[in-house]
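Student: Input: one structure, supplied below.
The values are calculated or read from the model by the stated rules, or taken from the named source; none is laboratory data. The structure displayed is predicted, hence computed values, not measured ones. In this analysis, Cβ positions are derived from the backbone assuming ideal geometry, glycine residues included, and neighbour counts consider all displayed protein chains. Each accessible area value is taken on the protein alone, full model and side chains, heavy atoms only, with ligands, DNA and RNA left out. Shrake-Rupley method; radii C 1.70, N 1.55, O 1.52, S 1.80 Å.
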Amino acid sequence: MDQPSGRSFMQVLCEKYSPENFPYRRGPGMGVHVPATPQGSPMKDRLNLPSVLVLNSCGITCAGDENEIAAFCAHVFELDLSDNKLEDWHEVSKIVSNVPHLEFLNLSSNPLSLSVLERSCAGSFAGVRKLVLNNSKASWETVHTILQELPDLEELFLCLNDYETVSCSPVCCQSLKLLHITDNNLQDWTEIRKLGIMFPSLDTLILANNNLTTIEESEDSLARLFPNLRSINLHKSGLHCWEDIDKLNSFPKLEEVKLLGIPLLQSYTTEERRKLLIARLPSITKLNGSIVADGEREDSERFFIRYYMEFPEEEVPFRYHELVTKYGKLEPLAVVDLRPQSSAKVEVHFQDKVEEMSIRLDQTVAELKKHLKTVVQLSTSNMLLFYLDQEAPFGPEEMKYSSRALHSYGIRDGDKIYVEPRMK
């Protein structure tokens with residue numbers, strides 16, 4: 001059979017990992033030596049191969065010599081072939097079938113939708129535990145074929161594949177723990193529920209950047225569909241009502257939730273978003289990547305009670321009543337104005353005269369002297385000021401620094417300022 005045109009896997013491997021280009025040992029399995037055959041080239045006789053091969057964006061279109069692949073790659077367990085030009089599953093199968101310990105395979109951004117994956121080819125993937133098919137436009141028929149032939153598959157990546165629907169596999173994949181299916185167009189919950197049917201052992205479901213608008217499922221059904229789900233990522237989904245958030249409580253093992261960038265939360269402050277979510281999701285231990293400590297949970301639940309305490313009864317969520325049972329009815333927090341005082345009413349004493357004045361505390365001592373000139377009939381250069389805090393035990397303090405702001409003295413209503421002429 002004619003070899004497909006383009007660069008072969010083996011050709012790229014020899015170029016990248018030749019002693020000239022990759023001269024140093026970097027871990028177990030390096031410096032693999034294969035005795036030269038009469039036709040062998042010096043470059044192919046010895047390659048410094050790591051057990052993790054990264055051959056992305058190399059223009060690979062075909063496998064090359066299978067015997068050489070088998071000789072050089074016996075120790076390899078991770079292989080990145082993303083962003084190449086592989087369009088024939090048979091060529092991929094020739095590579096993978098000769099890498100016996102392969103556990104991780106990345107085929108992202110290869111035009112593999114141009115060919116059909118037959119079960120005989122998919123069988124060569126049997127040992128793979130993590131498979132990445134992002135932006136490969138792999139059909140659901142291809143995915144089903146893979147699932148039937150990969151009994152130990154634990155992680156599957158299907159991002160950027162333009163999926164609008166999900167096609168159920170005839171066989172459940174009991175081994176899959178993580179499904180990464182972001183950046184598609186899965187808007188309807190009836191499609192998402194099929195993932196629960198296909199992957200009953202699913203631990204982590206990453207659905208970010210799908211425009212899922214609502215979770216249309218009963219609580220009992222959700223618990224049956226995703227009995228082992230521990231983590232769900234709904235970043236930038238289309239969820240827009242609190243009832244959908246409440247339904248996340250139906251997943252019996254859920255501990256981690258990611259919910260940034262959803263329409264529901266746009267009108268809330270950052271603090272309100274986090275506290276309201278934590279209070280509504282009593283079982284989660286991590287929200288948007290941050291651990292929820294016990295103290296934060298209690299603060300959030302108390303915040304939730306106070307947030308809804310003035311709402312009409314028909315608008316108060318059920319969770320409010322649960323938390324009132326837990327903490328009791330709370331008093332509203334006192335509103336404390338922590339802004340610095342901007343002015344103060346003080347007594348100005350000069351000789352035997354006393355005048356009550358309101359002074360701005362943002363002005364300096366020099367500015368206050370100018371203000372007092374007409375009151376005490378002294379020039380600013382001939383004026384001494386003393387400040388008496390009504391509660392201070394040490395007597396008046398001279399206000400000797402012209403550029404010092406009045407608020408720095410801690411002046412309050414009822415304090416006294418004494419004016420004396422400077423002695424010549």
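Student: For segment 315-350, give me the residue count where each residue is modelled with pLDDT of 90 or more, more than 18 Å from Asp299 (Cα to Cα) and out of contact with any helix residue (DSSP H, G or I) (no Cβ under 7 Å at 6 or more places or on another chain).
Tutor: Summing the residues that are modelled with pLDDT of 90 or more, more than 18 Å from Asp299 (Cα to Cα) and out of contact with any helix residue (DSSP H, G or I) (no Cβ under 7 Å at 6 or more places or on another chain) in segment 315-350 gives 8.
Student: Further question on the same structure: Suppose we filter segment 100-118 for residues that are touching a strand residue (DSSP E or B) at 6+ places or on another chain (Cβ under 7 Å) and more than 18 Å from Ser57 (Cα to Cα); how many remain?
Tutor: Of the residues in segment 100-118, 2 are touching a strand residue (DSSP E or B) at 6+ places or on another chain (Cβ under 7 Å) and more than 18 Å from Ser57 (Cα to Cα).
Student: Sort out which residues of segment 127-156 are more than 28 Å from the chain's Cα centre (by Cα) and open to solvent by less than 10 Å² (accessible area, probe 1.4 Å), and write them in order of number.
Tutor: Listed by number, the residues that qualify are Ile146, Leu150.
Student: Could I ask something else about it? Mind listing just one residue for me: the one in segment 157-172 that is modelled with pLDDT of 95 or more and surrounded by 19 or more Cβ atoms within 10 Å (Cβ to Cβ) and, of those, nearest to Trp140 (Cα to Cα)?
Tutor: Across segment 157-172, the extreme among qualifying residues is Val166.
Student: Looking at segment 281-289, is at least one residue on the phi > 0 side of the Ramachandran plot, in a loop (DSSP other than H, G, I, E, B) and modelled with pLDDT of 95 or more?
Tutor: yes
Student: Being under 30 Å from Pro396 (Cα atoms) and not basic (Lys, Arg), is that true of even one residue in segment 316-338?
Tutor: Checked against the condition, which is being under 30 Å from Pro396 (Cα atoms) and not basic (Lys, Arg), segment 316-338 yields at least one hit.
Student: Output the number of residues of segment 382-424 satisfying the condition of being open to solvent by less than 90 Å² (accessible area, probe 1.4 Å), of a type in the set (Phe, Trp, Tyr) and without any contact (Cβ under 8 Å) to a residue 24 or more places away in the chain.
Tutor: 1
Each row is one residue, and each column tells you yes or no for (1) over 30 Å from Asn84 (Cβ atoms); (2) touching a Lys or Arg at 6+ places or on another chain (Cβ under 9 Å); (3) not assigned by the TED database to the domain that holds Glu87.
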site: Leu150; (1), (2), (3): no, yes, no
site: Thr165; (1), (2), (3): no, yes, no
site: Asp188; (1), (2), (3): yes, no, no
site: Asp203; (1), (2), (3): yes, yes, no
site: Asp220; (1), (2), (3): yes, no, no
site: Ser231; (1), (2), (3): yes, yes, no
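Student: Another question about this same structure. Being charged (D, E, K, R), in a loop (DSSP other than H, G, I, E, B), touching a Ser or Thr at 6+ places or on another chain (Cβ under 9 Å) and over 24 Å from Glu219 (Cα atoms) is the filter here; which residues of segment 147-191 pass it?
Tutor: Within segment 147-191, Asp152, Glu154 qualify.
Student: How many residues does segment 53-93 hold that are under 18 Å from Phe125 (Cβ atoms), open to solvent by 50 Å² or more (accessible area, probe 1.4 Å) and without any contact (Cβ under 8 Å) to a residue 40 or more places away in the chain?
Tutor: Number satisfying all stated conditions: 5.
Student: Got a sec? Which of Ser124, Ser109, Ser113 is of a type in the set (Ser, Thr, Tyr), surrounded by fewer than 22 Cβ atoms within 10 Å (Cβ to Cβ) and part of a loop (DSSP other than H, G, I, E, B)?
Tutor: Ser109
Rundown of residues vs (1) surrounded by 12 or more Cβ atoms within 10 Å (Cβ to Cβ); (2) out of contact with any Lys or Arg (no Cβ under 9 Å at 6 or more places or on another chain); (3) over 30 Å from Ala279 (Cα atoms); (4) of a type in the set (Val, Ile, Thr), yes/no style:
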position	(1), (2), (3), (4)
Glu322	yes, yes, no, no
Lys329	no, yes, no, no
Val348	yes, no, yes, yes
Arg360	yes, yes, yes, no
Val375	yes, no, yes, yes
Thr380	yes, no, yes, yes
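Student: Additional query: List every residue pair whose Cβ atoms sit under 6 Å apart, with the two residues 6 or more apart in sequence or on different chains, where the first one lies in segment 137-165 and is without any contact (Cβ under 8 Å) to a residue 40 or more places away in the chain and the second, anywhere, is open to solvent by less than 20 Å² (accessible area, probe 1.4 Å) and not in a loop (DSSP other than H, G, I, E, B).
Tutor: Thr145/Ala122; Ile146/Ala122; Glu149/Ala122; Leu150/Phe125; Leu156/Leu131; Leu156/Leu179
Student: Could you check, for segment 102-124, whether at least one of its residues is closer than 23 Å to Ser18 by Cβ and of a type outside the set (S, T, N, Q)?
Tutor: yes
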